[in-house]
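Just below is one structure, and these are the notes that go with it.
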């Protein structure tokens, strides 16, 4: 690798790393707000655990940020070099576009290899560990779901409000029981109550004292012309609120997207070897297709590193822009187009006969054809 190659390689590498860091940060922030903010506000996550969970989100965010960051870095660097007439000077010495692109293509190949490792090993392991750490932290303090002076909607079919909480003891307790249409069927009001955790059944046991229960017509709960049935109790029987919908007491169920390459291949072999009744054949075929789509998606996202690099080289040279915002906009637009195509292919998982696992090659094929056409056009000038 001569001086020119090293110069181009280092310039593009620096821009790519900065762009990947930016996009990864945005993705991490979105996931942290979605997954962790409610637990932080409920004081369920110690600072050390929160920091550990953020670190475990890094491989997940980087795996999606790599292709977009690669395209952005190539566009930024080559666009600046072209605007400064450095590309023109290189070509004036007899260097062809293909020769100038050699170190950038090498970086794209290295990025593809890195992305393969990230998609098939680092990200699945980190994501599984992330879910396990989060579930274990919440499970260690299940009563922390009950936050005073807050409407609690974590339990399906119930809305709970607690005016004051001292350990497991509750004051000014309200409970609204909802039907399938989210209409209030029963209202419970109690001066005090107590929550206990049943570890064997993974449920909260609620006991109320000095309670008043208002039951409405189950068919027409919003018809207030009929008087509700009202009962008072000094102490109610225990009400069981399952926590499985919030966190499982068992090991975290591993999604296909969180499987490593070896685990995905084993899952495919297991699904291929299953014998199912005819009534379940369609659903079984869809599950098999989902496993193939997951494998193809990870592979194609890694290949996108090379496709985006090849598109970015002639595009960056041709547009000759110094403006970071303009190049960033081009990179985001192309990336969104690519990911929109992959999402469209994912929608076909219910139609295995259309072979969506093979259609997953379409976005990369289109980008490679676009790169070939751009290289031909720029080579003529």
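The values are calculated or read from the model by the stated rules, or taken from the named source; none is laboratory data. None of the values given here were measured: they were computed from a predicted structure. Backbone-built Cβ (ideal geometry, glycine too); neighbour counts: all protein chains shown.
The table below gives the values:
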read-out	value
Any hit, the range 79-94, residues being farther than 22 Å from residue 373 by Cβ, under 37 Å from the mean Cα position of the chain (by Cα) and without any contact (Cβ under 8 Å) to a residue 24 or more places away in the chain	no
In the range 161-195, the residues that are at pLDDT below 85, out of contact with any strand residue (DSSP E or B) (no Cβ under 8 Å at 6 or more places or on another chain) and assigned to a loop (DSSP other than H, G, I, E, B)	167, 180, 181, 182
Matching entry among 203, 190, 135 (being assigned by TED's automatic domain parsing to the domain that holds residue 295, surrounded by 14 or more Cβ atoms within 10 Å (Cβ to Cβ) and touching a residue at least 24 places away in the same chain (Cβ under 8 Å))	135
Exclusive hit being without any contact (Cβ under 8 Å) to a residue 12 or more places away in the chain and touching a helix residue (DSSP H, G or I) at 6+ places or on another chain (Cβ under 7 Å), set 40, 20, 49	40
Considering residues of the range 41-58 that are more than 14 Å from residue 150 (Cβ to Cβ) and either exposed (fewer than 14 other Cβ atoms within 10 Å of the Cβ) or touching a strand residue (DSSP E or B) at 6+ places or on another chain (Cβ under 8 Å) (or both) only, the residue modelled with the highest pLDDT	55
Helices (runs of 4 or more DSSP H) fully within the range 66-160 counting 3 or more residues that are closer than 30 Å to residue 175 by Cα	123-139
From 310, 341, residue being within 18 Å of residue 81 (Cβ to Cβ) and either at pLDDT below 85 or in a helix (DSSP H, G or I) (or both)	310
